[in-house]
Each structure stands twice: as C-alpha cells, then as structure tokens.
Amino acid sequence: MEISWFGHSCFRLRDRNATIVTDPFDKSLGYGLPRVRADIVTVSHDHPHHNHVAGVKGDCKILYSPGEYEIKSVFISGIATYPPRRKRKSDEGGEEDDERNIIFVFEFDGLTICHLGDLAQVPTQTQVEALSDVDVLLVPVGGGTSLKAAQAAEIISLIEPYIVIPMHFKTDAISLKLDRVDKFLKEMGTPRIEPIDMLKVTKSSLPQETQVVVLDCK
C-alpha cells in the first residue's frame, strides 16, 4: 500500500488492485492538484476544497454518501457525522444533507485505513466502535471548521491506530486560518518529524505502538 498526500485532505491510496483519491480540491485552495487517475474518488462534504472530482482523471466511481460499498476488491464504509455548529433544519424539519461530513473507512491490501474528512467533533461512542480496527488514521489537526490539535489527539487515543497521518493544517501554500502541524505534534508529545514523500505500508510492517507520520505535499 502506498499513501501520498496532495495537500489539505487529499490523498492517493494505491495498491495493485485499486487507486483511491480522497477529497480533491480546486485551485482556489492554493495547492495545485497534480494530474492523477483513480478508480474511486471519495468526497467528505460538498465544498470546493473537498469535492473537485473533475480534477481526477479516469472512469472513477464517486462516493459522497454514507453506506457500504465494494469496488475493485476494496470494501468501503461511509459514516455520516453532523457537526453541531453546522447543523441546520430543512423546510421539512430534517437535517440538510449538505451539512454532513462523511468518514470513509477503506479495507484493502490487508489494511484498514480511515479518512476522517472535515470532522469537527469527537465521534460518538457508536462511531468510535465502528472505527475500532483502524490501522492507519488520516486526521484533520489544524482547527478552523475541523478538529483542533487537542481534539485530534483525543480521537487518536480512542481509536488507537498504528499509524497517524495529519492533514488539513496550515502550510505556506494556503491562506486559510489554520494551525500548523507543529501544534499537533506538540499535543502528541512528538518531536519535530521530517516529512517523507510517500508512506509504503503493509500489515506486517505496522509499528507496535502508535506512530505519527508527516507526509510532504506531492
């Protein structure tokens, strides 16, 4: 399994059977989305910084709703969350779908990888139980409309993944008012980590204790 980060919440997850791209962004974000092809594209919520599916090449299956899917030998679960500060009522009295965030869990190549999307609060006990077997956690850490560093650290302690990859934080490429990844690393009690270009991981190579990996933007 190869995991590459294109910036913000956008990753490429690739093995011999399938390529997945998460939360592709448009140029208004500040990063440049590279030319990338995928079999599957996931969208955590409907915002230009997360839903630019037109920027991904190939005959992609687009997932933007909760549910269970099996595509090219990849098992995918979508779990809806509704941040309290975003929750609104529709004219019919129900919650409006465009306010939700979708957590996506991918099971392939012997690994379980979870992308928390733009999650803004600690998940419920039921949601945590659904994430109990996560090997690699992709977690927002920069605050703004998503998790702050302390909240991200709390979720990590609940889920106990083997590998944590931070996302959705401030870099020189973007002007969003987010915290830099250093604040999250301090919260985790982790010294400065040298970013790597790509993470290659297998079930047998997982560390025994939770390890934070910082990826360089491709």
Subject >> Cα centroid of segment 117-136 to Cα centroid of segment 1-33, whole Å >> reply: 21
Original post:
Efficiency by 1/(1 + (r/R0)^6): what FRET value for residue 132 and residue 71, r their Cβ-Cβ distance, R0 = 25 Å, to the nearest 0.05?
Top reply: 0.60
Original post:
For segment 96-188, taking Cα atoms only, what is the radius of gyration to one decimal and the Dmax to the nearest whole Å?
Top reply: 13.1, 38
**OP:** Add +1 for every Lys or Arg and -1 for every Asp or Glu among the other residues with Cβ under 10 Å from the Cβ of residue 142, and state the total.
**Re:** +4
Subject >> Environment charge at residue 15 (Cβ cut-off 9 Å; Lys +1, Arg +1, Asp -1, Glu -1) >> reply: 0
**OP:** Using a Gaussian network model of the chain whose springs link C-alpha atoms within less than 10 Å, name the residue from 74, 41, 181 with the highest mean-square fluctuation.
**Re:** 74
Subject >> Length added when fully stretched, residue 186-residue 173, from 0.36 nm per residue minus Cα-Cα >> reply: 2.5 nm
Original post:
In segment 97-182, which trypsin sites (Lys or Arg not before Pro) fall in coil by DSSP and have 11 or fewer other Cβ atoms within 10 Å?
Top reply: 177
Subject >> Too-long pairs where the Cα-Cα distance tops 22 Å, listed order kept, from 57/218; 27/177; 27/218; 148/177; 27/186 >> reply: 27/186
**OP:** Can you put 15, 216, 109, 172 in order of Cβ neighbours within 10 angstrom, beginning with the fewest?
**Re:** 172, 216, 15, 109
Subject >> 3J(HN,Hα) from dihedral phi, segment 190-195, Karplus parametrisation 6.51/-1.76/1.60, rounded to Hz, x for glycine, proline >> reply: 10, x, 3, 10, 6, x
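Readers should treat all values here as calculations from the given coordinates under stated rules, not as data from a laboratory. Since this is a predicted model, take the numbers as computed values, not measurements. Cβ: placed from backbone, ideal geometry, glycine included. Neighbour counts: every protein chain shown.
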